Amino acid sequence: MSNLSRARQPPTFGLPWPELNDGLFYNDVVRAADSRLTLIQFYSSKHNNSAPPKGWLQRIENGQITVDGTVVTDPNTILRVGSELVYHRLPWNEPEAPYLVEILYEDDDMIALNKPPGLQVLPGGLFQQRTVLTQLQWWASKETSSLVCQGPHPVPVHRLGRGTSGILLCAKTKLAKTRLAAYFANGTSHIESSSKTSVDLCATRKVIKIYRALVTGIIGEDKVIIKQAIGMVQYPGVAKGLYVATSSGKPSLSKVEVLERDVHKNLTLVQVEIQSGRPHQIRIHLSFIGHPLLGDPLYAIGGQPKFFGSDSVEDNFALDGGFLRPANPVPGDCGYNLHAYQVVLSHPTNSEVIKVTAPLPSILQTNQSAQAISTD
């Protein structure tokens, strides 16, 4: 096994974000079922998750939509079958996000990054440029390696929540991307409760993910196995719905080990191995057993959101015509303490067992390890 947990200080890359991003262009083609709709009817019905009707009206009158290459500002323009529509989302200043990323491991096929909290992995919502993917694109364009320059730029093969820090695996070749993605999909679809070693597990599951988390309350048992299913419910401000603990969801498995209990502060430091990889699984599972992550703005005891109230009314919209930021917490909000600490995987091309470890934030270190570091 290649153990990279005690590597020297990892290299760092990243460019500062520009004040404004480049904006976006969204393309549509009018189909037969949508013919005879007006321009405002088309956008307010087909893309109602992007903006309320009055927001789309503003965008149309602002000249941000073209029909067959011509700017159209009349919202009552009748559409014809086959017409090409383009909506230009104007450049905007994205919310603050870190930009420096550490390289924990790299070879010709893959790269393991240490993602800082607050940095989104892939474009979505307000974050279209300030992402790990963008930094990888910029980094690859500056590399002198012929592999990087001639091939596609590295791409993440899984996700971490914006507020989660730690190991993010990225593929540098098409083969590595296909195999690593299959590793994660297989781990989620085949949930088992065996207690094999990491090396044994890599023979069947190919990838093992271990996290550190700080939760509220004192967990009494030293080890807890959580098998609560995770599914989606409607939630204001989240167009596709919010993942929560629900009996109608998909099977999920988390193995929790208590590392330290702080009775005075009413906190427990835990290590979590997730055998499945449902979105927000650790946050949901730990809150489900009554111990939400310290600082989690979204999930409360029971694996449910803290707030289910209605969101802003239709007449309120942002300067770009879109919906205002939801009043209630949403999944991308940060503040919780969760770190992807260690990944053990079978290398995608040579099957060597690789172990990568990301340095722990001080708040997620045990007292014993923190004392050892301070005396080094």
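The values are calculated or read from the model by the stated rules, or taken from the named source; none is laboratory data. Everything quoted here is computed from the prediction, not taken from an experiment. All Cβ positions, glycine included, derive from the backbone under ideal geometry; neighbour counts span all protein chains shown.
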Taking the condition of being assigned to a loop (DSSP other than H, G, I, E, B), out of contact with any helix residue (DSSP H, G or I) (no Cβ under 9 Å at 6 or more places or on another chain) and among the acidic types (Asp, Glu), how many residues in the stretch 47-77 meet it? 1
From the set of residues in the stretch 44-65 that are of a type in the set (A, V, I, L, M, F, W, C) and under 15 Å from Tyr26 (Cβ atoms), which is modelled with the lowest pLDDT? Ala51
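Looking at the stretch 212-248, which of its residues are outside any strand (DSSP E or B) and at positive phi? If you could, list the steps in order and put the result at the bottom.
Kept after step one, since they are outside any strand (DSSP E or B), are these residues of the stretch 212-248: 217-222, 227-229, 236-237, 246-248.
Across the stretch 212-248, the qualifying residues are Gly217, Gly237.
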Residues Pro11, Pro16: which one is within 26 Å of the chain's Cα centre (by Cα), at pLDDT 95 or above and surrounded by fewer than 15 Cβ atoms within 10 Å (Cβ to Cβ)? Pro16
Is it true that some residue in the stretch 130-148 is without any contact (Cβ under 8 Å) to a residue 24 or more places away in the chain, of a type in the set (Lys, Arg), over 30 Å from Asp28 (Cα atoms) and assigned by TED's automatic domain parsing to the domain that holds Cys334? yes
Output for the stretch 9-40, where each listed residue is of a type outside the set (Ser, Thr, Tyr), touching a Ser or Thr at 6+ places or on another chain (Cβ under 8 Å) and part of a strand (DSSP E or B): Val29
Hits in the stretch 281-311 (condition: assigned to a loop (DSSP other than H, G, I, E, B) and surrounded by 21 or more Cβ atoms within 10 Å (Cβ to Cβ)): His291, Pro292, Asp296, Leu298, Gly303
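Does the stretch 255-274 contain any residue that is at pLDDT below 95 and under 26 Å from Asn186 (Cβ atoms)? Outline the logic, then answer.
Restricting attention to the stretch 255-274, the residues satisfying the condition of being at pLDDT below 95 are 274.
Keeping just the survivors that are under 26 Å from Asn186 (Cβ atoms) gives 274.
Yes, the stretch 255-274 has at least one match.
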Where residues in the stretch 22-43 are touching a Pro at 6+ places or on another chain (Cβ under 9 Å) and modelled with pLDDT of 95 or more, which of them is nearest to Ser346 (Cα to Cα)? Tyr43
Cβ-Cβ under 6 Å pairs, at least 6 apart or on other chains, the stretch 113-129 side under 16 Å from Val155 (Cβ atoms), far side charged (D, E, K, R): Gln120/Arg162; Val121/Arg159
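Per-residue answers, yes or no, for (1) of a type in the set (Asp, Glu); (2) part of a loop (DSSP other than H, G, I, E, B):
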{"site": "Asn93", "(1), (2)": "no, yes"}
{"site": "Glu96", "(1), (2)": "yes, yes"}
{"site": "Glu102", "(1), (2)": "yes, no"}
{"site": "Ala112", "(1), (2)": "no, no"}
{"site": "Leu122", "(1), (2)": "no, yes"}
{"site": "Gln135", "(1), (2)": "no, no"}
{"site": "Ala140", "(1), (2)": "no, no"}
Lone qualifier among Asp68, Asp74 - being surrounded by fewer than 16 Cβ atoms within 10 Å (Cβ to Cβ), modelled with pLDDT of 95 or more and on the phi > 0 side of the Ramachandran plot: Asp68
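Right, Lys265: of a type in the set (D, E, K, R), surrounded by fewer than 22 Cβ atoms within 10 Å (Cβ to Cβ) and outside any strand (DSSP E or B) or not?
Details: of a type in the set (D, E, K, R): yes; surrounded by fewer than 22 Cβ atoms within 10 Å (Cβ to Cβ): yes; outside any strand (DSSP E or B): yes.
The answer is yes for Lys265.
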